[in-house]
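No lab work stands behind these numbers, since they all come straight from the coordinates. Given the structure is predicted, the values throughout are model-derived calculations rather than measurements. Please note: Cβ atoms are built from the backbone with ideal geometry, for glycine as well, and neighbour counts cover all protein chains shown.
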Amino acid sequence: MNFPSNTIVLYTNGGQESDRCRDLLISLNGEFLEYQLDEDFNERQFRSEFGDTAEFPQVAVGYQHIGGLKETLHYLKEKGLI
């Protein structure tokens, strides 16, 4: 699947951190794609993509993996978006 270089992709599991990340992206009026565990992918696929120690949520911008909520906040701050 090809995304434009600025497409934000959010991988969530319905947990509190995922909700916070989604709310943050919504508050920035950003468009993003959200994929949910057990609807769009399974645990095995998630671990295969992000590693055994990865936690939810995970964020990518285009082809660049940003990381979890903490890394996403840092990324947005670096870009001057928050």
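I want to confirm something. Restricting to the stretch 33-46 and keeping residues that are assigned to a helix (DSSP H, G or I) and more than 14 Å from the chain's Cα centre (by Cα), which single residue is nearest to THR7 (Cα to Cα)?
Ranking the qualifying residues of the stretch 33-46, first place goes to GLN45.
Do you know which of the residues in the stretch 68-78 that are within 15 Å of THR7 (Cα to Cα) and of a type outside the set (Val, Ile, Thr) is surrounded by the fewest Cβ atoms within 10 Å (Cβ to Cβ)?
In this case the residue turns out to be TYR75.
Looking only at the stretch 41-61, count every residue that is surrounded by 13 or more Cβ atoms within 10 Å (Cβ to Cβ) and not β-branched (Val, Ile, Thr) and tell me the total.
The total comes to 11.
Which one is surrounded by the most Cβ atoms within 10 Å (Cβ to Cβ), of the residues in the stretch 1-29 that are without any contact (Cβ under 8 Å) to a residue 24 or more places away in the chain and not charged (D, E, K, R)?
Checking each candidate, the answer is LEU25.
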